[in-house]
Amino acid sequence: EDQKDRLTNGLTKLRKTQEDVAGLEEDLKVKAVVVAEKAAAADVFAEEVGREKAKVQEESDKAGVEAKKCQKIAADVSVQQESCEKDLAAAVPLVQQAEAALDVLDKKDFQELKALTKPPA
């Protein structure tokens, strides 16, 4: 009888374990569906990230090209500015001389010039 109880008890435990395993298999099926959905969503998201990354790289490359163009323009402008400043520095004394020459003229000199019919040679 002791052996019969042990066999019955073992059989009961096996049935209980079988039911538990069946329940776990059902949970596993449900969770496998959820995992598959999340994996698909992650794949879609990864594709979107890849496309956005490609766009960002393309825009970054364009910005690099524009930056190089701007650097060249800035260098050209700097050279032109130096040339203009040099020309201005040379012209300032001439303007000052012309102003000084005009300062010595008075009304009488202008009247004398108006009286001339031909400019002096």
**Request:** Could you tally the net charge around Glu58, taking each other residue with its Cβ under 15 Å from the Cβ of Glu58, Lys/Arg +1 and Asp/Glu -1?
**Result:** 0
**Message:** Could you check the spin-label model distance between Ala67 and Lys31? Points 7 Å from the Cα along Cα→Cβ, value in nm.
**Reply:** 4.9 nm
**Prompt:** Can you pull the percent of the chain's accessible area that's carbon plus sulfur, 1.4 Å probe, other chains left in place?
**Reply:** 61 percent
**Request:** Work from the charge dipole of the chain (Cβ charges, +1 for Lys and Arg, -1 for Asp and Glu, about the Cα centre) and give the residue of Leu11, Val34, Val56 farthest towards its positive end.
**Result:** Val56
**Complete:** Under a Gaussian network model of the chain whose springs join Cα atoms within less than 10 Å, the largest fluctuation of Val49, Val30, Val65 belongs to Val30
**Prompt:** Per-residue ellipticity at 222 nm for the chain, helices alone: DSSP H runs ≥ 4 residues times -39500 (n - 2.57), over residue total, nearest 500 deg cm²/dmol?
**Reply:** -34500 deg cm²/dmol
**Complete:** With Cα springs under 10 Å, the Gaussian network model of the chain assigns the largest mean-square fluctuation among Gly64, Gly50, Gly23 to Gly23
**Message:** Could you give me D for the chain, from Stokes-Einstein at 25 °C and 0.890 mPa s, where the hydrodynamic radius is the Kirkwood radius over C-alpha pairs? Units µm² s⁻¹, please.
**Reply:** 95 µm²/s
**Asked** On a 0 to 90 degree scale, rounded to 10, what angle separates helix 2-103 from the longest Cα axis of the chain?
**Response** 0 degrees
**Item:** Stokes-Einstein D (µm²/s) once Rh is taken as the Kirkwood radius of the stretch 1-41 over alpha-carbon pairs, at 37 °C in 0.692 mPa s
**Value:** 266 µm²/s
**Request:** Over the chain, average the accessible area per residue using a 1.4 Å probe and give it in Å², no decimals.
**Result:** 95 Å²
**Request:** In a Gaussian network model over the chain where Cα atoms closer than 10 Å are linked, find which of Asp109, Asp87, Asp61 has the largest mean-square fluctuation.
**Result:** Asp109
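The values are calculated or read from the model by the stated rules, or taken from the named source; none is laboratory data. Everything numeric here is computed off the predicted structure, so don't read it as measured data. Ideal geometry is used to build each Cβ from the backbone, glycine not excepted, and the neighbour counts take in all protein chains shown. In case anyone asks, the SASA skips ligands and DNA or RNA and just uses the protein heavy atoms, side chains included. Shrake-Rupley method; radii C 1.70, N 1.55, O 1.52, S 1.80 Å.
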